[in-house]
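Below is one structure, written out as structure tokens, with a few remarks after it.
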Amino acid sequence: MSDRLPISTRRPVPDDMFDGRLKGSYLLDLEVVGVDEVAPNVRLITMGSSDLVGFDYTPGQDLLFEFPDGDLTLRRRYTIRRLDPAAGIADFEIEIHDGRGPATRWAAKAELGEHLEAIGPRGGISLRPTATSHLFVVDDSAMPAAFVLLEALPADTPATALLVTSYGAKSRPAAAGTRATSLVWLDRAEMLEMLSDLHPAAGTAAYLFGERHLVRTAEELLVAGGLDRDAVASKPYWRRDQPNASHGEPSFN
């Protein structure tokens, strides 16, 4: 991307597109301006565009990207890890996993100057403002969302993040966090053991993101431990027994 940004082509999603579900989102044209290997299994893709100048979003929201897949395109959502609306750049962490779906294949070979179309901001899960403490249970696919939300917390707000991974402790750059944040790297079995003995304090909000079975199991264990189900925000990102579903929205063009 040149030092001088071109005129923005950002435009609102038409009211009759997506059956009105994405009103308030924008159609975006983005260019790869940076690629970094931040972990053996994670590539940080930095996208730049005049469409991102002045772009407003809530921490935890994402963009829906169109990825090439042979003669087709498939759509996948990625959390906005960082955004500089003055410079018009945004970071996205894409896991390079064995499934090798269209997003992984693209990210593994992404080069400077490539373009992707996207739409956003999307997503309605955000921090619970009345909570007195926060608990996150996420796997590798959802760590960017958890880290963004942790970084958005006030400095003195207690928060614990259970980071479920098979890659080991500190396997990727974590949230900047605050002095009141505790990060726990653990495997699935350790997560189950910890949650089975956990009794969250009153006022705790829980955020459960990742593989569908992990999310559902974590929710049931937390509720059994005394957490009100209304205090839980959960979002399955994928299923271990089947590939991700296609996003059925019409073409962006």
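Per-residue ellipticity at 222 nm, computed for the chain from helices alone with -39500 (n - 2.57) per DSSP H run of at least four residues, works out to -4500 deg cm²/dmol. Specify the inter-centroid distance of region 4-49 and region 92-147, based on alpha-carbon positions, in whole Å. The two parts, judged by their Cα centres, are 13 Å apart. One way to sum up the overall shape of region 43-100 is the equivalent ellipsoid from its Cα gyration tensor, whose semi-axes run 23, 13, 10 Å, largest first. Using the charge dipole of the chain (Lys, Arg: +1 at Cβ; Asp, Glu: -1 at Cβ; taken about the Cα centre), state which of Val53, Ala205, Met17 has its Cα farthest towards the positive end. Result: Ala205, furthest along the dipole toward the positive end. Is there a pair in Lys23/Lys170; Lys23/Lys235; Lys23/Lys109 whose C-alpha atoms are over 27 Å apart, and which pairs would that be? Going by Cα-Cα distance, Lys23/Lys170; Lys23/Lys109 fall outside the 27 Å limit. Annotation: extensible slack from Lys23 through Lys109 equals 27.7 nm (criterion: 0.36 nm per residue apart, minus Cα-Cα distance).
May I ask you to derive the FRET efficiency for Arg11 and Asp187 from their Cβ-Cβ distance with R0 = 41 Å, giving the value to the nearest 0.05?
0.35
In this calculation the C-beta distance from Ala201 to Ala155 is compared with R0 = 25 Å, giving a FRET efficiency of 0.80.
Remark on region 65-178: ratio of C-alpha radius of gyration to 2.2 N^0.38 Å is 1.20.
Which residue, Glu93, Glu31, Glu220, has the most motion in a Gaussian network model of the chain that connects Cα atoms within less than 10 Å? Top of the fluctuation ranking is Glu220. The length gained on full extension between Val38 and Arg229, counted as 0.36 nm times the residue separation minus their Cα-Cα distance, comes to 65.2 nm. The charge dipole of the chain, taken about the Cα centre with unit charges on the Cβ atoms of Lys, Arg (+1) and Asp, Glu (-1), comes to about 220 debye, rounded to the nearest 20. One quarter of the convex hull surface built on the alpha carbon atoms of region 158-210 amounts to 4.2 nm², the projected area averaged over directions. Dipole check for region 122-251: with +1 at the C-beta of Lys and Arg, -1 at the C-beta of Asp and Glu, and the Cα centre as origin, the magnitude is about 280 Debye.
Note on the chain: Rg/Rh from C-alpha atoms, Kirkwood Rh, equals 0.97. Rounded to the nearest 20, the size of the Cβ-charge dipole of region 104-180 about its Cα centre is 160 debye, with Lys and Arg at +1 and Asp and Glu at -1. Across the options Ala108, Gly120, Ala180, the greatest Cα extent toward the positive end of the charge dipole of the chain (unit charges at beta carbon of Lys, Arg, Asp, Glu) belongs to Ala180.
Once you treat every alpha carbon in region 16-130 as an equal point and sum by Debye, what is log10 I(q)/I(0) at q = 0.11, 0.13, 0.22 Å⁻¹? Summing over Cα pairs of region 16-130 leads to -0.36, -0.50, -1.35.
A short reminder: the numbers here are calculations on the coordinates, not readings from a lab. Here the structure is a predicted model, which is why all the values come from computation and not from measurement. Counting neighbours? That spans all protein chains shown, and the Cβs are built from the backbone with ideal geometry, glycine included.
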